[in-house]
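*Asks:* Pasting a structure here, questions to come.
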Amino acid sequence: MNVLIAEFIGTAVLILLGGGVVANVVLKDTKGNNSGWMVISTAWALAVFAGVTIAGPYSGAHLNPAVTLANLILNKMTLSLGLQYITMQILGAMFGSFVVWLMYKDHFTQTEDAGAKEAVFCTRPAIFNPKINIISEIVGTFVLIFCILHFTEPTIQQGQTLGLGTIGAIPVSFIVWVIGLSLGGTTGYAINPARDLGPRITHALLPIKNKKTFNLAYAWVPIVGPLIGSTLATLIYLCIN
């Protein structure tokens, strides 16, 4: 295990479980069919927990180019390493989404709704309006990164444990959960360029019948929006700390 393998595996598990819950909810004849947004939002949060738990001890568990960008702005890593992180995140997301498709292949075959099949892989706005859609992604990612930047380590004084602090995978999971429940209704809260782009590429490559196109008119939004949100969150963090 090294930092790059950790990013690949962590992101793959994130997408396997996150894409998996969408498949379970929206594809035809699954056990969890039509179980709703609460199930999707909760499982995505727990998917983050699983991915961060795996990758955290090795790479810091970025699993998201927006997180890597924040670390680059803070000079916590080199540009070369940051680009390697992002590459492995995208590849991990592609692999994770491929495994979801393989596991749910029979249900993809049974499902006629092209939008439902696409939703397993990537996001699409409830109302297509790029100017508003990108604001949604900026705001959601801003909340994610700004909260992460304020995580604290465990503190011990005079032999007394004052608290665990906001460490580990649990806090990130709660943040992703509330973002999904509160801010996810407009675009599906990608808040992670790799989470959207990697599976979107996989969707385009796989032999899925009656599927939607790559959707270039929207595909840039879940890439650009989170990067802007991350940049704003990090710069404001630097200004006030």
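*Asks:* For a quick protection proxy, order the peptides 107-113, 11-17, 42-48 by their average other-Cβ count within 10 Å, most packed first.
*Replies:* Values: 107-113: 16.1, 11-17: 25.9, 42-48: 21.9.
Per-residue mean Cβ counts within 10 Å order the peptides as 11-17, 42-48, 107-113.
*Asks:* Next question, about the same structure. As I understand it, the dipole of segment 79-131 uses +1 on the Cβ of Lys and Arg and -1 on the Cβ of Asp and Glu, about the Cα centre. Which of N129, W101, A114 lies farthest toward its positive end?
*Replies:* Checked the options; the winner is N129.
*Asks:* Output wanted: per-residue J couplings in Hz (rounded whole) for segment 183-189, from phi through Karplus 6.51 cos²θ - 1.76 cosθ + 1.60, θ = phi - 60°, x for Gly and Pro.
*Replies:* Computed from phi, the couplings for segment 183-189 are 10, x, x, 8, 10, x, 6 Hz.
*Asks:* What is the list of residues in segment 1-28 whose amide nitrogen lies under 20 Å from a point 7 angstrom out from the Cα of T42, following Cα to Cβ?
*Replies:* 14-27
*Asks:* Calculate the spin-label point distance for M1 paired with V99, positioning each point 7 Å from the Cα along the beta-carbon direction, and give it in nanometres.
*Replies:* If labels sit at V99 and M1, their model points lie 1.5 nm apart.
*Asks:* Say each of T109 and I240 gets a label point 7 Å from the Cα, pointing the same way as Cα to Cβ; how far apart are those two points in nm?
*Replies:* Going from the T109 label point to the I240 one covers 5.4 nm.
*Asks:* What are the ³J(HN,Hα) values, in whole Hz, obtained from phi via the Karplus relation 6.51 cos²θ - 1.76 cosθ + 1.60 with θ = phi - 60°, for each residue of segment 118-131 in sequence order, with x given for Gly and Pro?
*Replies:* Those phi angles translate into 5, 4, 5, 9, 8, 9, 8, x, 5, 10, 6, 7, x, 5 Hz.
*Asks:* Can you compute the FRET efficiency between K28 and K131 using 1/(1 + (r/R0)^6), with r the Cβ-Cβ distance and R0 = 45 Å? Round to the nearest 0.05. Each step should come with its number before you reach the end.
*Replies:* On the way: r = 34 Å, r/R0 = 0.76.
Here the calculated transfer efficiency is 0.85.
*Asks:* Relative contact order of the chain, please, whole-number percent, based on alpha carbon pairs below 8 angstrom and at least 6 residues apart.
*Replies:* Values: 408 pairs, mean separation 68.3, N = 241.
Relative contact order here is 28 percent.
*Asks:* Oh, and also: Can you give me the % of accessible surface on segment 59-110 that is carbon or sulfur? Probe 1.4 Å, all protein chains present, nothing else counted.
*Replies:* On the way: 1590 of 2480 Å².
It is 64 percent, rounded to a whole number.
*Asks:* Can you spot the aspartates and glutamates whose alpha carbon is less than 18 Å from K209's alpha carbon? Ignore those fewer than 8 places along the same chain.
*Replies:* Cα-Cα hits under 18 Å: D29, D106, E112, D113, E118.
*Asks:* For the chain, what does the helix formula give at 222 nm: sum of -39500 (n - 2.57) over DSSP H segments with n ≥ 4, over the residue count, nearest 500 deg cm²/dmol?
*Replies:* On the way: 11 runs with 165 residues, N = 241.
Helices in the chain give a 222 nm mean residue ellipticity of -22500 deg cm²/dmol.
*Asks:* Measure nothing fancy, just the Cα-based angle from helix 79-103's long axis to the longest principal axis of the chain, in degrees from 0 to 90, nearest 10.
*Replies:* 40
*Asks:* Report, in debye and to the nearest 20, how large the dipole of the chain comes out about its Cα centre when Lys and Arg carry +1 and Asp and Glu carry -1 on their Cβ.
*Replies:* Working: 12 positive and 9 negative charges, 75 e Å.
That gives a dipole near 360 debye.
*Asks:* Taking a threshold of 28 Å on the Cα-Cα distance, which of the pairs K105/K212; K76/K131; K28/K212; K131/K212; K31/K211; K31/K212 fall above it?
*Replies:* Values: K105/K212 17 Å; K76/K131 32 Å; K28/K212 17 Å; K131/K212 22 Å; K31/K211 23 Å; K31/K212 25 Å.
Going by Cα-Cα distance, K76/K131 fall outside the 28 Å limit.
The values are calculated or read from the model by the stated rules, or taken from the named source; none is laboratory data. Keep in mind it's a predicted model, so treat the numbers as computed, not measured. Using ideal geometry, Cβ is built from the backbone for each residue, glycine included, and neighbour counts are taken over all protein chains shown. Accessible surface is based on the protein model in full, side chains and every heavy atom, while ligands, DNA and RNA are left aside. Shrake-Rupley method; radii C 1.70, N 1.55, O 1.52, S 1.80 Å.
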